[in-house]
Amino acid sequence: MTTQTPAILPERGLADRLTALFWRHPRLLLAVLLTPPLLWLGVVYLGSLAALLLQSFYSIDEFSGLVKQEFTLKTYAELFRAQNLDIIIRTLVMSAAVTIGCAVIAFPIAYYAARFAKGKWKAVFYLGVMLPLWSSYLVKVYAWKLILAKEGIITWAAEGAGLSMVLNAILSIPGIGGNSLSTSPLGTFLVFVYVWLPYMILPMQAALERVPASMLEASADLGASRAQTFRTVILPLAMPGVIAGSIFTFSLTMGDYIIPQIVGTSARFIGLAVYQLQGTAGNIPLAAAFAVVPIVIMVIYLMIAKRKGAFDAL
Amino acid sequence: MTAAVEFQNVSRHFGPANAPVKAVDGVDLTIAEGSFFAMLGPSGSGKTTCLRLISGFEKPTGGVIRIFGQDVSDIPPNRRNVNTVFQDYALFPHMNVRDNVAYGPMVKGVDRRTREAQAEEMLALVKLEGYGDRKPGQLSGGQRQRVALARALVNEPKVLLLDEPLGALDLKLREAMQDELKALQARLGITFVFVTHDQGEALSMADSLAVFNEGKIAQIGTPKEIYSHPRTRFVADFVGSSNVLAPEVTRAFGGPAKWASLRPEMLRVTAADGVALSGVVTGLRYLGAGSRVTVAVNGTEVAAQLPAGQAVPEAGAVVGLAFDPSALHVMEGER
């Protein structure tokens, strides 16, 4: 009955020898896999961050314009000068507004994709969300400048629909308005929301996908209205995704230096300040100190989020 | 007695109107108040859809559903005083056990002190005192099941729906929970509607049960009626795997020329000579609490169940079969 197959199969060269080696020493494979990314993360990534941090504790000599390599908190103190504090607050407010704007727009899209889209429509969703990422960031921003310009399609459409009054009323609101959409903080906000939206939708969708349908049914079954289910079940369970998305939108906005140059009032944001300080001004320490600000803000933000229980569902 | 739940010609069709999938197809059903009602059937037979129609997660495409006499066609789930124990329990992972149980009162606006006291009381009812601060992820399957039960019962529902609640538990735990559920129902007097594909569970727990097949009710009655008088071939076969005899075989077994059911445990294996029925043993199966012997009688295989301790014939032996004529049950239809 038994055929002539051996109980142990012969080794077929290097691949089998490596497989045997990894089978005998499982940690070896892990080490081989993890060494390159850890080197990258540890040396290149965290290393440069450490270098940046170090630079921010140096200062610039006011007479020679050279960097004095001595430990000092002078550069950080400079951050609190009115004009610099202005930049920080402006950036913070814009980042928060962009994050909230993205979250509000992203939620229904992510919810639809996670709950209802199936098969073909799911593919359409991914394509629709990712498509804007395929084209150049600069082109998109310039396109928006044209869209928002005084001669642009929005002004034209508002005139056509007899809504010029509304547009002008919005533009006359101090703080967010301006001469035209393309030269107002509102315009900067719209472009930011547009370019970072996919980074909010995708993590949100992933988080919502992990909420079982029976959870929502259980909530309704126990007497909750839709609003209560949203507040007490969907939102807490999707929170890690919302936080992940907000980290993207928040930190991307805080670090961006192109959009505020092209669309808006050309008031400076942190990214732009860093760009100018390390370039034309040659003030690397202050640029580094500015660059530390978003990091500190993100750490504070995450600590508050954690204390509020945003990661309980992880 | 009022009917807790009443179905009048209820249908739930899915898909296109020209070729619908008839998950539930013209079901008439009355569940008496205070009863323990089981919906039994194979997967895809429509039993779970019926349960979801009562809770409101599905809307009927035809017919009328009444809960305590009220038409619930336009009533969303959150306003039906009916609670469900879900198959996967659906406990909220971000809340501790106490907050899970107190969820119903919480969304109804009961203050924290009161609802937490209610939750503790319910946890005591399901024997989980002191577990309030744990997260669902820290509990075993059986404990999660109890939390789900407590979370539903805290709302004092008029009807409690249980969707295969014991399916995920191991045998020992399942039997213990069966007894507990039964005792709980007797104590609380709430109408329980219980979906299961396990015929043993349905027979042992329910006051009355409906056997589902292909979206329709094949038979409805007490467990005893259904077991001893299956109306159709499907019921006879699904509930307790009976010998289903074709008309000509029934005739050979001494009955009328109609489909009939004969339970294996009603058959006795005897010596071959001097009996009306005899055949060759074609299969033997050891069951622990007895043995099952398959005997080929004129080409028809008939199973007989022998109690433990009784001598078991050898395969290939010629044996006789005997039974009480009243055990031969004649059926009406096939489905």
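Between the range A:237-253 and the range B:40-113, how many Å separate their Cα centres? If we compute the Cα centre of each part, the gap is 33 Å. For chain B, the per residue solvent-accessible surface stands at 46 Å², with DNA, RNA and ligands left out and a 1.4 Å probe. Of the accessible area of the range A:45-103, computed with a 1.4 Å probe over protein heavy atoms only, carbon and sulfur atoms account for 69 percent. Of the DSSP beta bridges with both residues in the protein assembly as shown, give the percent that are antiparallel, rounding to the nearest 5. Rounded to the nearest five, the antiparallel share is 70 percent.
If only the Cβ of Lys and Arg carry +1 and only the Cβ of Asp and Glu carry -1, the dipole of the range B:3-230 around its Cα centre is close to 460 debye. Loop sites here are GluC sites (Glu not before Pro) outside DSSP states H, G, I, E and B with no more than 10 other Cβ atoms within 10 Å. The longest part of chain A free of them is A:152-314.
With Cβ to Cβ distances under 12 Å as the rule, what net charge do the other residues near B:Asp163 carry (K, R +1; D, E -1)?
Numbers: positive: B:Lys47, B:Arg52; negative: A:Glu217, A:Asp221, B:Asp88, B:Glu164.
Taking every Cβ under 12 Å from that of B:Asp163, the sum is -2.
Only lysines eight or more places from A:Lys145 in sequence, or on another chain, were considered; none has a Cα closer than 22 Å. Among residues other than A:Leu85 with Cβ under 14 Å from its Cβ, the summed charge is +1 (Lys and Arg +1, Asp and Glu -1).
Per-atom-type breakdown for the range A:230-282 gives carbon and sulfur 63% of the accessible area (1.4 Å probe, protein chains only). Farthest towards the positive end of the charge dipole of chain A, among the residues A:Thr232, A:Gly47, A:Ile100, is the Cα of A:Thr232, using unit charges on the Cβ of Lys, Arg, Asp and Glu. Each of B:Val211, B:Ile67, B:Thr222 was placed along the dipole of the range B:3-230 (beta-carbon charges, centred on the mean Cα), and the one lying farthest toward the positive end is B:Ile67.
Under a model in which nothing but the beta-carbon of Lys, Arg (+1) and Asp, Glu (-1) is charged, the protein assembly as shown shows a dipole of about 1100 debye around its Cα centre. Ordering B:Val280, B:Ala17, B:Ala152 by the projection of their Cα atoms onto the charge dipole of chain B, which places +1 on the Cβ of Lys and Arg and -1 on the Cβ of Asp and Glu, puts B:Ala152 at the extreme positive end. Close Lys pairs in chain B, defined as Cα atoms under 18 Å apart and 8 or more places apart or on different chains, number 13.
Whats the longest run of chain A with zero trypsin sites (Lys or Arg not before Pro) that are DSSP loop and have at most 15 other Cβ atoms within 10 Å? Each step should come with its number before you reach the end.
Details: sites that count: A:Arg12, A:Arg81, A:Lys118, A:Lys150, A:Arg210, A:Lys308.
Looking at chain A, A:211-307 is the longest stretch - no exposed trypsin sites (Lys or Arg not before Pro) with at most 15 other Cβ atoms within 10 Å.
Could you run the numbers on buried accessible area between A and B, total for both chains, 1.4 angstrom probe, in Å² to the nearest 100?
Interface between A and B: roughly 1700 Å².
Out of all DSSP beta bridges in the range B:3-230, what portion is antiparallel? Express it as a percent rounded to 5.
Working: 20 of 38 bridges.
Of all bridge pairs located within the range B:3-230, approximately 55 percent are antiparallel.
The residues neighbouring A:Leu286, those whose beta-carbon lies less than 11 Å from its own, together hold a net charge of +1 under the Lys/Arg +1, Asp/Glu -1 convention. For the options A:Trp121, A:Trp23, A:Trp144, a Gaussian network treatment of chain A with springs between C-alpha atoms closer than 10 Å singles out A:Trp23 as fluctuating the most.
Among all stretches of chain B without exposed GluC sites (Glu not before Pro) (DSSP loop, at most 13 other Cβ atoms within 10 Å), which one is longest?
B:130-313
Measuring heavy-atom accessible area with a 1.4 angstrom probe and counting protein chains only, the residues of the range A:196-222 that give up at least 30 Å² relative to the chain alone are A:Ser214, A:Met215, A:Glu217, A:Ala218, A:Ala220, A:Asp221, A:Leu222.
The values are calculated or read from the model by the stated rules, or taken from the named source; none is laboratory data. Because the structure is predicted, anything quoted here is derived from the model rather than measured. All Cβ positions, even for glycine, are placed from backbone atoms using ideal geometry, and neighbour counts span all protein chains on display. In case anyone asks, the SASA skips ligands and DNA or RNA and just uses the protein heavy atoms, side chains included. Shrake-Rupley method; radii C 1.70, N 1.55, O 1.52, S 1.80 Å.
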